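Worksheet: one structure, shown below.
Bear in mind these aren't lab numbers, they're just calculated from the coordinates by the rules spelled out. A quick note: this is a predicted structure, and the numbers were derived from the prediction, not measured. Cβ placement follows ideal geometry from the backbone for every residue including glycine, while neighbour counts extend to all protein chains displayed.
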Amino acid sequence: MFKTRILLFLALLAVNPAFGSQNPEAQVATIDDVVVVVNDDVITRNELDDRVKSVISQLKKQGTPLPEMSVLRKQILERMITDMLQAQYAKETGVKVDDAQLDLAMTSIAHQNNFATLSDFLDKLKSQGVDVKKFREEIRSEMVAKKLRDREVESKLAISEKEVDNYLANKAKMGLENEEYHLAHILVVVPEQASAEKIQAARERAEHALSQLASGADFAQVAAGTSDANDALKGGDLGWRPADRIPPMFMNALKGLKPGENTGILRSPSGFHILKLVDKRNGSAPVVITQTHARHILIKTSEITTSAEAKKRIMAIKQRIDAGADFAEEARRHSEDGSAADGGDLDWLSPGQTVPEFEDEMNKLKVGELGVVETQFGWHLIQVLARRTTDVSDQQKRQQARMAIASFKSEELYQDWLRQLRDRAFIEYHLDDDQQ
């Protein structure tokens, strides 16, 4: 208890120097502002209120009925705690996104929203009353979280060819090779090695959600108020997924459903699930695509190497190659990518296999041409070696199977990692029931 009070005092002092002063009213106001202590940081009531307003606005724009306010606030607060824990861990372990990387991502978002320049996009946001500085930091936080997940989860995934073979065999056996499903879900997480009481509490939450659905409640509303998944505040919408990206145990439950219906409670290692079949369609058709055989040289950006320095180095390499130097030899000497040992050779690339900026630049090049582009990884020098049109139905089936297996494993690993992060943390709530 003594340690708890010290931590709380230090956290409050950091937020507001008035805490610890001789003014009792200032002390009371500061205490009232703190809703949760998370390690050596805090979440204030104003921060929670701001996030609640933002989420309510988002739900209304989506046309999603609002859950009960106390339930929604609790959901949002738990998400804020998770976000804060990830931000703290990123800072501890040196994961960051610098302004150059952020500007690159913001420019990509601007282009995706049909704006010619980032400046035009930001002007539009300002005209709609959006706090641009806050928006930038939200995008930065999302990018940091993505980097963390890539490092802590995605990089540790291993999928064997046997797993792919078994997956495709099971899919064919179920007669679902060409089906695609639009799904929404509710997930109630069960902590690893949870006690019987915690498992029962999680089951009761899932049963309550199912009871609400049976009574005619809107699925998106129940998901926003109940689900522990990252997409909860988007109504649990998973979008369209081919059958090979849906676990067999879920497919068995979906087979008898009509669009608009939901499953009962399903148990997985992650917890309890309820799925809604929004719609389904047949996705069968030969898949003919244009593939590009390319190679590249990468100079990474970092705290030591700025974007300008990386660009200067990549342009110097380009000049040498233009003057007759061998591309493969330059790649082996200077590239900071794993393909360096192969002379920068990336083999045949299919659409979507590289980051958008890289793919866009590569697609502009004629065979033999060199191009330079900056991505989130650094500066690339790209050369297109050949192009071909090919039917990749079989390869795509295997790739989709691999992606499906990865998505199952990834989500379970990610939830496990978040639970471990939370288990190691000091979290103390300072909200009365009537304030939640």
Row for region 54-104, column shape: gyration tensor on C-alpha, a ≥ b ≥ c, rounded if a/c < 1.5 i.e. under 1.5, prolate if a/b over b/c, else oblate; value oblate
Arrange Thr263, Thr44 by Cβ neighbour counts within 10 Å, fewest through most, would you? Thr44, Thr263
Could you work out how much longer the chain between Gln193 and Asp131 gets when fully extended? Use 0.36 nm per residue separation minus the Cα distance between them, nm to one decimal. 18.1 nm
Aspartates and glutamates within cross-link reach of Lys96: Cα-Cα under 17 Å, excluding same-chain residues under 8 positions apart? Asp83, Glu137, Glu138, Glu142, Asp150, Glu152, Glu303
Please sort by residue number the GluC sites (Glu not before Pro) in region 56-114 whose DSSP state is loop and whose Cβ has at most 16 other Cβ atoms within 10 Å. Glu68
Dipole magnitude (debye, nearest 20) for the chain, charges at Cβ of Lys, Arg, Asp, Glu: 700
In whole Å, how far is the Cα centre of region 127-145 from that of region 303-355? 32
Which residue fluctuates the most in the chain, going by a Gaussian network model with Cα springs under 10 Å, if the choices are Ala331, Ala209, Ala194? Ala194
Charged-residue dipole, Cβ positions (Lys, Arg, Asp, Glu), region 288-391 about Cα centre, Debye nearest 20: 280
Loop-only trypsin sites (Lys or Arg not before Pro) in region 194-234, please: DSSP not H, G, I, E or B, and at most 14 other Cβ atoms within 10 Å. none
For Cα Rg over 2.2 N^0.38 Å, calculated from these coordinates, the label among (1) 1.14; (2) 0.93; (3) 1.02: (1)
What is the order of Arg295, Arg419, fewest Cβ neighbours within 10 Å to most? Arg419, Arg295
In order over region 144-160: 3J(HN,Hα) from phi, Karplus 6.51/-1.76/1.60, θ = phi - 60°, whole Hz, x for each Gly or Pro, gives 5, 4, 5, 4, 4, 4, 4, 6, 7, 10, 4, 5, 9, 6, 9, 10, 8
Could you identify which residue out of Leu346, Leu421, Leu125 has the top mean-square fluctuation in a GNM of the chain using Cα springs shorter than 10 Å? Leu125
Along the dipole axis of the chain (charges at Cβ: +1 for Lys and Arg, -1 for Asp and Glu; origin at the Cα centre), the most positive-end residue among His296, Leu85, Ser155 is His296
Rounded to whole angstrom, the alpha-carbon centroid of region 162-217 lies from that of region 40-77 at a distance of 26
Collect residues whose amide H, placed 1.01 Å from N in the peptide plane, falls under 5 Å from the amide H of Gly271; neighbours closer than 5 in sequence don't count. Val190
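Given a Förster radius of 51 Å and the C-beta distance between Lys255 and Asp99 as r, what FRET efficiency does 1/(1 + (r/R0)^6) yield to the nearest 0.05?
0.55
Do the sum for the chain: with -39,500 (n - 2.57) for every DSSP H run of n ≥ 4, divided by all residues, what is the mean residue ellipticity at 222 nm, to the nearest 500 deg cm²/dmol?
-16500 deg cm²/dmol
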Candidates Met315, Met84, Met143, ranked by Gaussian network fluctuation over the chain, Cα under 10 Å, top entry: Met315
